[in-house]
Amino acid sequence: MAKKSPEVTQLGKQTALPASPEEAVLERVANPHADTHYVARFTQPEFTSLCPVTGQPDFAHLVIDYVPDKWLVESKSLKLYLASFRNHGAFHEDCTVAIGKRIADLLKPNYLRIGGYWYPRGGMPIDVFWQTGALPNDVWLPDQGVAAYRGRG
């Protein structure tokens with residue numbers, strides 16, 4: 001018997017953008033195929049946060065891949081959570097790893113990886129990668145498909 005999902009509070013109604021990642025409500029729903037290994041991918045090509053030193057905006061292309069177990073992340077809550085970083089000051093490494101850890105803590109997936117492909121700050125792009133768990137042998141995991149930064153060339 002499938003595990004019942006906890007109450008989902010943000011679907012089907014207008015939901016205000018959370019003021020910070022700490023205030024954001026990240027929700028989960030039951031995985032209807034918990035007996036099967038597969039990859040779910042979320043791509044956020046226009047992620048923004050603030051530099052904690054200058055307050056200027058930083059931009060990234062995030063790719064989150066996970067092999068769910070009993071739970072899936074509810075996508076509207078994920079969108080709101082990611083958008084809550086727009087007013088949040090943190091370094092690239094902190095943003096990327098914190099997002100990965102928060103999702104992993106919520107879902108307890110078989111495997112999760114996040115790639116944070118950050119646009120240049122001070123002329124240097126910073127890419128950040130984090131993962132937890134071992135990729136199951138029976139799962140095909142495609143490349144994240146984000147090219148290394150090449151500038152205008």
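Data table
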{"item": "Residue list for region 73-91, filter: buried (at least 17 other Cβ atoms within 10 Å of the Cβ) and in a helix (DSSP H, G or I)", "result": "Ser77, Leu78, Leu80, Tyr81, Leu82, Ala83, Ser84, Phe85"}
{"item": "Filter result for Glu46 (at pLDDT 95 or above, out of contact with any Cys (no Cβ under 8 Å at 6 or more places or on another chain) and under 14 Å from Tyr119 (Cα atoms))", "result": "yes"}
{"item": "Test result for Tyr38, in contact (Cβ under 8 Å) with a residue 40 or more places away in the chain, hydroxyl-bearing (Ser, Thr, Tyr), assigned to a loop (DSSP other than H, G, I, E, B) and within 29 Å of Leu135 (Cα to Cα)", "result": "yes"}
{"item": "Test for Asp94: is it among the acidic types (Asp, Glu), part of a loop (DSSP other than H, G, I, E, B), surrounded by fewer than 17 Cβ atoms within 10 Å (Cβ to Cβ) and out of contact with any helix residue (DSSP H, G or I) (no Cβ under 9 Å at 6 or more places or on another chain)", "result": "no"}
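Listed here are the residues, each with its yes/no results for (1) free of Cβ contacts under 8 Å to residues at least 60 places away in the same chain; (2) touching a strand residue (DSSP E or B) at 6+ places or on another chain (Cβ under 8 Å); (3) over 21 Å from Arg28 (Cβ atoms).
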residue	(1), (2), (3)
Ala90	yes, yes, yes
Leu107	no, yes, no
Arg121	no, yes, yes
Pro125	yes, yes, yes
Ala134	yes, yes, yes
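Yes/no matrix, rows are residues, columns are (1) under 20 Å from Trp71 (Cα atoms); (2) touching a Leu at 6+ places or on another chain (Cβ under 8 Å); (3) buried (at least 17 other Cβ atoms within 10 Å of the Cβ); (4) at pLDDT 95 or above:
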site	(1), (2), (3), (4)
Asp127	no, no, no, yes
Gln131	yes, yes, no, yes
Ala134	yes, no, no, yes
Trp140	yes, no, no, yes
Tyr149	no, no, no, no
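The values are calculated or read from the model by the stated rules, or taken from the named source; none is laboratory data. Everything numeric here is computed off the predicted structure, so don't read it as measured data. FYI the Cβ positions are ideal-geometry reconstructions off the backbone, even for glycines, and counts take in every protein chain you see.
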